[in-house]
Structures are given as C-alpha cells and as structure tokens.
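Working notes for the structure below.
The values are calculated or read from the model by the stated rules, or taken from the named source; none is laboratory data. Please read these numbers as outputs of a predicted model, since none were measured by experiment. Cβ sites come from the backbone with ideal geometry, for glycine too, and all protein chains shown count toward neighbours. For accessibility, only protein heavy atoms count, side chains too; no ligands or nucleic acids. Shrake-Rupley method; radii C 1.70, N 1.55, O 1.52, S 1.80 Å.
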Amino acid sequence: MIIAVIPARGGSKRIPRKNIKLFLGKPIIAYSIDAAIKTGIFDKVIVSTDSDEIATIAKEYGADVPFVRPAVLSDDFRGTTEVIAHTIKRFQEKGDQIDLACC
C-alpha cells in the first residue's frame with residue numbers, strides 16, 4: 001500500500017489552530033489533502049493528528065484518520081519522522097503492508 005501522511009498537530013504555538021484556519025474559503029489542511037488525493041498515486045491519504053476538530057475536518061475533505069495520535073507524539077519536541085514511523089507502525093500492527101509512505 002502507498003500512503004500519504006499529513007501530520008497536523010492541534011497545539012500550534014505561533015499560529016493557534018493553523019491547520020483549520022480558513023484560507024481562500026477552505027481550511028489550510030484541505031489544500032494538502034486535496035493535493036495528495038489529486039496525484040492519484042496514494043491508496044490512502046492519512047492525517048495524523050491529536051485533535052478531534054482537525055480529524056473531523058480532514059475527513060470532510062477526503063482524508064482517512066484511522067486513529068488519534070498520542071500526546072507523547074504531539075508536543076513541541078517530536079519530529080515528523082517519529083510521527084510518520086508511528087503511522088506506519090499502526091498500519092503494520094493491523095496487518096497492512098506499507099510499501100511507500102510520503103509526507
């Protein structure tokens with residue numbers, strides 16, 4: 001399976017709620033989701049988030065949000081690599097094979 005992983009933490013400090021702020025009529029996260037879907041190369045477009053609000057909006061724009069990211073991976077000190085690795089691990093635990101993951 002080929003997946004796109006879009007990290008979207010709820011606790012942005014510089015721009016609070018930035019992922020769901022409207023820009024030209026759509027939440028900012030919608031642009032990443034739309035771009036990934038339009039490529040046509042991903043079996044799933046996954047949003048990794050710790051926020052129920054972001055999850056709801058991501059689903060409205062066509063992304064999958066199969067789990068809520070744990071708080072330990074949602075602080076100011078976690079990098080994108082750890083978030084992507086967590087997403088891959090969660091899928092593998094369900095028996096899914098991830099052939100390629102893109103962020």
Next on the checklist: Keeping all protein chains in place and using 1.4 angstrom, which order do V5, V72 fall into by accessible surface area, from largest down?
Outcome noted: V72, V5
Checklist entry - Long-range amide H contacts for C102: which residues qualify at under 5 Å (H placed 1.01 Å from N, peptide plane, sequence gap of 5 or more or a different chain)? => result I3, A4, V5
Checklist outcome for this item: Between the modelled labels at D99 and K59 (7 Å from Cα along Cα→Cβ) the distance in nm is 2.9
Checklist entry - So, in nm, how far is label R17 from label F67 when the simple model puts each one 7 Å beyond its Cα toward the Cβ? => result 2.8
Next on the checklist: Please enumerate, by chain and number, the aspartates and glutamates with C-alpha under 13 Å from the C-alpha of K13, excluding those fewer than 8 residues away in the same chain.
Outcome noted: D75, D76
Item to check | Descending semi-axes in whole angstrom, ellipsoid equivalent of the range 6-103, from the Cα gyration tensor | outcome: 21, 18, 11
Checklist entry - Roughly to the nearest percent, how much of the accessible area of the range 1-99 is carbon and sulfur, given a 1.4 Å probe? => result 54
Checklist entry - Considering only DSSP beta bridges whose two residues both sit in the chain, what percent are antiparallel, to the nearest 5? => result 15
Item to check | Residue-normalised accessible area of the chain, given per residue in Å² at a 1.4 Å probe | outcome: 60
Item to check | Reciprocal mean inverse distance between Cα atoms of the range 1-61 - Kirkwood radius, Å | outcome: 11.9
Next on the checklist: Around K94, under 13 Å between beta carbons, what's the net of Lys plus Arg minus Asp minus Glu among the other residues?
Outcome noted: 0
Checklist entry - Which longest uninterrupted range of the chain lacks any trypsin sites (Lys or Arg not before Pro) assigned by DSSP to a loop state (not H, G, I, E or B) and surrounded by at most 14 other Cβ atoms within 10 Å? => result 22-93
Checklist outcome for this item: Set K21/K59; K18/K59; K26/K59; K21/K89; K38/K59, cut-off 20 Å on Cα-Cα distance; pairs above it are K21/K89
